[in-house]
Each structure stands twice: as structure tokens, then as C-alpha cells.
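To keep things clear, I will list the structure first and then write my remarks on it.
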Amino acid sequence: MVRDALLRDLSAMTIREVIVTSLGDLIAEVTPTEPDPATGRRRGSGIYCGGEDASLPLLTSLDQLGGTSRPHGKADLEEHILRNFLRYSRPYFGSPPVNDWEVLVAAQHHGLPTRLLDWTYSPLVAAHFATVDSKAGTDRAIWRLDWKQVHRHFGLPELALLIQDLEGMFGQERRFTPWSLFAQGTREQRPFACMLEPPSLDARIVAQSATFTLCSDKRQPFDRFLEQYGLGQALTKFVIPAGEAARLRDQLDLVSVDERRLFPDLDGVAAHLRRYYS
């Protein structure tokens, strides 16, 4: 009986992997089998993240600073990187940031290495980012996160948090800011992971249905952090075999999920045409 209980516990921590070979497979997998009792709609509450190499864990841009072969080696530079962004970015903000969480979101959105992880509400958008390099000879991954389950585990409301919510999220005597998060070691602070909805800083965020996750731990991949807290079942990893990636890419182009729509500017138009005709 003890062995059976242990096996059940290990099973609950395991991230489920599903092979998908077409957009039809993907849509079928992410559509709830039964309608919601309250709304009558078949709409999931998951968020999605696309990766071009299914063998890699869920690494943030901070993890990947210096290359994916040695993640987390530069985690202690996090505060210095954001301070310099804050120093040099002020002239380029159209209006003053609401708070320093908005600065962190803007930094991530514009390519600065941070502990934020990019997600989207759309599995097709995630599939775009997983397959945009059609020549990469690797299996691709589309990760699905049940963020409500994560919020419940860490005692957070089942609401998509806004940046204004973060400052008072943990009921501390002083405001919760990026700087207080950076200053705390993972042993001293309350562990958490949450979903954070960014403000609509530009048309790209809106077009990509973008959202982020924020985690208290910057020294291990996000999927391993969730497994550590028994939340592996909150993740599903949809694997696209390398030989099927080009097929999904063509299907995405057929349904107009491409750079021109997801990056609604001249850069997006050029990127779409360059890839489409290559």
C-alpha cells in the first residue's frame, strides 16, 4: 500500500507528454472534452509556450544568458541588468511606467534577459514560435500550463494578476517590488509562481495574446521548479516530431498565424516574406 501511494505521488508529479503531428491534433488535445457546467463552453484556461527544441527544459531568457548549455550561470547579474535598463531606457518610454514591475515587463518584451517566461493564451501562437525556424532538425515543444492550479497551490487568487496586484501580493510590511524579490534568497522568501498579465505596451503584446509567468526561484528551470512542488501535472508537453514541423508550419500559414499578424509592423511583414519565400 505504501508503494502504491508512492507511485501515485510520483505520477502526480510527472509532466505528461503528448505527440502531435498536425494542428488538428493540437486543437483536439487542448479542447476540453466536456463543456463547462457554468458557461456551457468548451474553453480551456491554459496558457502556452512554444520551444524550438523539445529536449530543453522551460528556460527563461535569464537562464539562457550565455547559452543554453550552462543555464543559470549568470543569474546573479539579474539586478545589474535591470538597473542598467532602467538607467538607459527612460527616454524611450512614451509615458512613465506605472511601477518597476512594468519596467521589468517592458524589459522582457524588448529582449532583455529576465526571470519572466513568455506565454500566450493561444496554442496556435505557441505553435508559431515552436516552428518558425522550419530548418531546425529538432523535435519541437508546445508547453501548456494550468496556471489556476499553480495559483491554488501557492495560495494566490485564481485571477490573472496585473502588475498593480504584485506590490501587495504577499502582505509584507513594505511593498513587494522586483528589487525586494532580487534581494531575497530562495531560502528566505516564500516560494511562489504566478501568471502575470502585461499591460498592452504595444500592438505586439495584443496580437500575440501574450502573458508571463513569474517565479521566486531563478536557479532552476520552471518545469523543474513546478515538479519540486508536486505541480508537474500542471504542465503538459506537446511534442512535434522533427519530421512533422514543416507540415505544422505550412498549416499555420494556411490559417494566417505568421509574423505579419503577430508582429504588426514593418519588421513583421519583412520577416514573414523572408521566411515564406525561403
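The values are calculated or read from the model by the stated rules, or taken from the named source; none is laboratory data. If you're wondering where the values come from, they're calculated on a predicted model, not measured in any experiment. In this analysis, Cβ positions are derived from the backbone assuming ideal geometry, glycine residues included, and neighbour counts consider all displayed protein chains. Surface accessibility is based on the protein's heavy atoms, side chains included, excluding ligands, DNA and RNA. Shrake-Rupley method; radii C 1.70, N 1.55, O 1.52, S 1.80 Å.
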Magnitude of the Cβ-charge dipole (Lys and Arg +1, Asp and Glu -1) of the stretch 143-245 about the Cα centre, nearest 20 debye, reported as 220
For the stretch 103-174, listing GluC sites (Glu not before Pro) in a DSSP loop whose Cβ sees at most 14 other Cβ atoms within 10 Å gives GLU158, GLU173
1/(1 + (r/R0)^6) with r = Cβ-Cβ of ARG274 and GLN164, R0 = 41 Å, i.e. FRET efficiency to nearest 0.05, evaluates to 0.55
Note: ASN84 to PHE182 extended length (0.36 nm per residue) minus current alpha-carbon separation gives 33.8 nm
Rg (one decimal) and Dmax (whole number) from the Cα set of the chain, in Å, equal 19.3, 64
Stretched fully, the stretch from HIS110 through SER55 gains (0.36 nm per residue minus C-alpha distance, one decimal, in nm) 17.2 nm
Share of accessible surface on carbon and sulfur in the chain, whole %, 1.4 Å probe and ligands ignored, is 51
Hits in the stretch 129-143: amide N under 12 Å from the 7 Å Cα→Cβ extension of ALA246, namely 134-137
Rounded to the nearest 500, the 222 nm mean residue ellipticity computed for the chain from DSSP H runs (n ≥ 4, each -39500 (n - 2.57)) alone is -10000 deg cm²/dmol
Excluding residues fewer than 8 positions from LYS237 in its own chain, the lysines with Cα under 26 Å of it are LYS135, LYS148, LYS218
Any DSSP H helix in the chain with Cα axial reach of 24 Å or more and mean Kyte-Doolittle score of at least 0.0? Listed by number, the hits are none
Counting only protein heavy atoms and leaving out ligands, DNA and RNA, the solvent-accessible surface of SER256 at a 1.4 Å probe, in Å² to the nearest 10, equals 50
Taking a crude spin-label model, label points 7 Å out from Cα along the C-beta direction, the SER200 to SER256 distance in nm is 1.9
Treating only Lys and Arg (+1) and Asp and Glu (-1) as charged, each at its beta carbon, one finds that the chain has a dipole about its Cα centre, in Debye to the nearest 20, of 240
Length gained, ARG41-THR138, 0.36 nm per residue minus C-alpha separation, equals 31.4 nm
